[in-house]
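What follows is a short report on a single structure.
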Amino acid sequence: MRPQEQTTMSTSHVGLAAVAIALQIAFAGTALAQPEADAEPGIAIAAPEAVGVDSAPLVRMSEWIRKDKLDVRSLLVIKDGKLIFERYAAGLGRGHNYELYSVTKTITALTFGTLAGQAKIATTDRAATWITKTHPQFKDALSDKKDIELGHLMSMSSGLLYKQVEGSDPLYFQAPDRLKVALSTVPRIPPATRFEYTDANPVLVGAAIAAAAGQREDRYAEEHLFKPLGMRNYRWTGADQTGTVSGGWGLRLRAIDMAKLGMLMLDEGRWQGRQVVPASWIRQMTAPQPGATAQDYGYYCWINHIVESEPEFGAMGFKGQFITVLPKEHAVVVMTAILPTDGGLRTGTYLNIYRRMVNDFILPAMQTLPPAQPGEGARQALKRELDLSARVAGLPGTDLAFNDAPEK
């Protein structure tokens, strides 16, 4: 989700207007999306006012997205375990999945947590120890990385320098052996010295997870995370020629399943009464560690990156993919989008657009006093706006990559 990924993973020769036309043609034969009447297993459906949320700011937010033709593919709000707002762009619905980019890193952290709960792996373990167990051929490449702990990799403080190749970086889709590429990194500074965001780090974590689990990360995640949450239509793309996926990108999920992951973190690792991920791990990954090099980052999890006025943590992916957890409100917000990518990790345009949605519309909707009460007028206004939104395809804010199209 770094700015350079735009060059690595996009098809810059495709104009935005042409892309928008192609998308509209592709979606023309698809029924207009409406929020499905049936509840998703594990998630009830309710009107915003039924849980004290004022739907009027949500309507205004949707109008802004629609009138400005922002390419917001899905936008969901969960409050008190209930789906109260479910908005899809033209041709899209609950069944579609989306490329999550760096949201994948947060799922890697959750997967790590399930193993940690079984005492099979720990953040203080040396990455080199785990990787050489299953890849002894890389012993020499790991000789200068023996002090790097898995916690350093997950907090983006490994000290490794990765020289990215603009345009066709071999760490991404072109890699015959992604781990070999990631191990070409060299330590520039000692671990736990500085926050530096690099996609080489989660490749090493993924290799350690696979070694501890005795199977590929995606297969272990399916068994221990995706299936327990009743997730559907998921796909972890981008496997290299060894069959290994990246721990940092490539996962495709439905927006409703992204919401389930947010709810899992909100409820300290529980899903429908079952402890899927240890509560202690959720607390650990969603908070900066002692001596952390960044106070807004835990273990592959951003902290108060969207909201400053109250506790908040979650996942962020390139171009506008988000899972945001609001513990005080007992709420989760999810978005998938293709928004402008200029700016950096903390100042990107897609990030600031999403910040406006959450801070100027969603939070005020939840904080109305006295709490909003159900009414037919509010229900009809929300339904009317969602119907209109389901007829509008936004214009992509940046060039589309081959993996940006929604899948069903």
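The values are calculated or read from the model by the stated rules, or taken from the named source; none is laboratory data. Treat the numbers as computed from the prediction; the structure is a model and nothing was measured. Cβ: placed from backbone, ideal geometry, glycine included. Neighbour counts: every protein chain shown. Protein only, heavy atoms only, side chains kept; ligands, DNA and RNA dropped before computing areas. Shrake-Rupley method; radii C 1.70, N 1.55, O 1.52, S 1.80 Å.
Remarks
- Qualifying positions in the stretch 86-122 - among the β-branched types (Val, Ile, Thr) and over 12 Å from the mean Cα position of the chain (by Cα): 111, 114, 121
- For the stretch 149-190, a tally of residues being under 12 Å from residue 128 (Cβ atoms), open to solvent by 40 Å² or more (accessible area, probe 1.4 Å) and among the hydrophobic types (A, V, I, L, M, F, W, C) returns 0.
- Breaking point among (1) hydrophobic (A, V, I, L, M, F, W, C); (2) over 20 Å from residue 404 (Cα atoms); (3) open to solvent by less than 30 Å² (accessible area, probe 1.4 Å), for residue 255: (2)
- Any hit, the stretch 224-246, residues being in a helix (DSSP H, G or I) and open to solvent by 10 Å² or more (accessible area, probe 1.4 Å): yes
- Of all residues in the stretch 368-377, those being of a type in the set (A, V, I, L, M) and either open to solvent by 30 Å² or more (accessible area, probe 1.4 Å) or under 21 Å from residue 69 (Cβ atoms) (or both) number 1.
- Screening residue 62 against (1) open to solvent by 20 Å² or more (accessible area, probe 1.4 Å); (2) touching an Asp or Glu at 6+ places or on another chain (Cβ under 6 Å); (3) in contact (Cβ under 8 Å) with a residue 60 or more places away in the chain leaves a single unmet condition, (1).
- For the residues 146, 133, 105, the requirement of being open to solvent by 10 Å² or more (accessible area, probe 1.4 Å) and touching a strand residue (DSSP E or B) at 6+ places or on another chain (Cβ under 9 Å) singles out 146.
- Of the strands (runs of 3 or more DSSP E) contained entirely in the stretch 34-113, those carrying at least 1 residues that are of a type in the set (Phe, Trp, Tyr) fall at 82-88, 97-99.
- Members of the stretch 182-220 found to be without any contact (Cβ under 8 Å) to a residue 60 or more places away in the chain and more than 24 Å from the chain's Cα centre (by Cα), listed by number: 183, 184, 185, 186, 187, 188, 189, 190, 191, 214
- Answer residue from the stretch 266-287, given it is crowded, with 18+ Cβ neighbours inside 10 Å and in contact with a strand residue (DSSP E or B) (Cβ under 8 Å, 6 or more places away or on another chain) and is farthest from residue 155 (Cα to Cα) among those: 276
- Out of 387, 399, one residue alone is in contact (Cβ under 8 Å) with a residue 12 or more places away in the chain and either surrounded by 19 or more Cβ atoms within 10 Å (Cβ to Cβ) or part of a loop (DSSP other than H, G, I, E, B) (or both). It is 399.
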